[in-house]
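**Student:** Sharing a structure, written as structure tokens. Questions coming.
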Amino acid sequence: DEAWKLAIVVGTFATVVGGVLIAWRPGAERSVGGSFAFGALFAALTAAAFGVRDVVARHFTGGADIAVPWAAAIVLISGTIVLLVITLFRTRRLVTEIGSTLPSMMWSGLVVGLALPTLLESLSRGAVGVVAPINNGAQVITVVILAAVLFGQRERSPRIVIALLLVIAGGTLIGVTQ
């Protein structure tokens, strides 16, 4: 059943508001690599793209007998092709750029290679309106914790505490009511 339910809508809203509160930096006019508004726009576009990805994946995996690891591989290969085309239009030094980027970014690729089949398996078994908000809420919490551990960002402001509580409450509401 993919119908909207009040608990899912409220839980999703709480999760999104929590994520926005974590990202928002009062008084920040600049972020790494450009303006905060530009970064926020790209974050919103990324969230919309991932939302489309989840709905499309649910559409094709829900109730179907598919090999999830192969489905994940096909998604990653398709994404690789798109990125290669984009990169070819942006640079003529493809080999040099791949060589300089590969050592640091392959670790993220390995994690994505583990995470994507797990997400697709979840979407094949559960409603996208339940899986996606819990997934996104867990991502927010994971980023905050890992950033604190790895980068020393241990902001303990009331804004961050309220944001984390909203994300946890939203995910819990969705999980408990489904």
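The values are calculated or read from the model by the stated rules, or taken from the named source; none is laboratory data. Remember, predicted model here, so these are calculated numbers, not experimental data. Don't worry about glycine lacking a Cβ; one is built from the backbone with ideal geometry, like all the others, and counts go over all protein chains shown. Accessible surface is based on the protein model in full, side chains and every heavy atom, while ligands, DNA and RNA are left aside. Shrake-Rupley method; radii C 1.70, N 1.55, O 1.52, S 1.80 Å.
**Student:** How large is ³J(HN,Hα), in whole Hz, for each residue of the range 5-18 in order, when computed from phi with the Karplus curve 6.51 cos²θ - 1.76 cosθ + 1.60 and θ = phi - 60°, using x for Gly and Pro?
**Tutor:** Using θ = phi - 60°, the values come out as 10, 4, 4, 5, 5, 5, x, 5, 4, 4, 5, 5, 4, x Hz.
**Student:** Taking only protein heavy atoms into account and a 1.4 Å probe, give the accessible area per residue of the chain in Å².
**Tutor:** Accessible area per residue, the chain: 69 Å².
**Student:** Still on this model: Dipole size in debye (nearest 20) for the chain around its Cα centre, Lys and Arg Cβ +1, Asp and Glu Cβ -1?
**Tutor:** The calculation lands at about 520 debye.
**Student:** Apply 1/(1 + (r/R0)^6) to the Cβ-Cβ distance of MET105 and LYS5, taking R0 = 35 Å, and write down the FRET efficiency to the nearest 0.05.
**Tutor:** 0.35
**Student:** To two decimal places, what compactness ratio does the range 103-151 give when its Cα radius of gyration is scaled by 2.2 N^0.38 Å?
**Tutor:** Taking N as the residue count of the range 103-151, the ratio is 1.33.
**Student:** Can you pull the percent of Cα pairs in the chain with separation above 27 Å?
**Tutor:** That fraction is 38 percent.
**Student:** How big is the range 50-95 in terms of Cα radius of gyration and Dmax, in angstroms?
**Tutor:** Spelled out, the Cα radius of gyration and Dmax of the range 50-95 are 14.2, 44 Å.
**Student:** I'd like the Karplus ³J(HN,Hα) series for the range 103-117: coefficients 6.51, -1.76, 1.60, θ = phi - 60°, whole numbers in Hz, and an x wherever there's a Gly or Pro.
**Tutor:** x, 8, 9, 5, 5, 5, x, 5, 5, 4, x, 7, 6, 4, x
**Student:** Provide the FRET efficiency to the nearest 0.05 for the ARG125-PHE89 pair, computing r from the beta carbons and using R0 = 45 Å.
**Tutor:** After rounding to 0.05, the efficiency reads 0.70.
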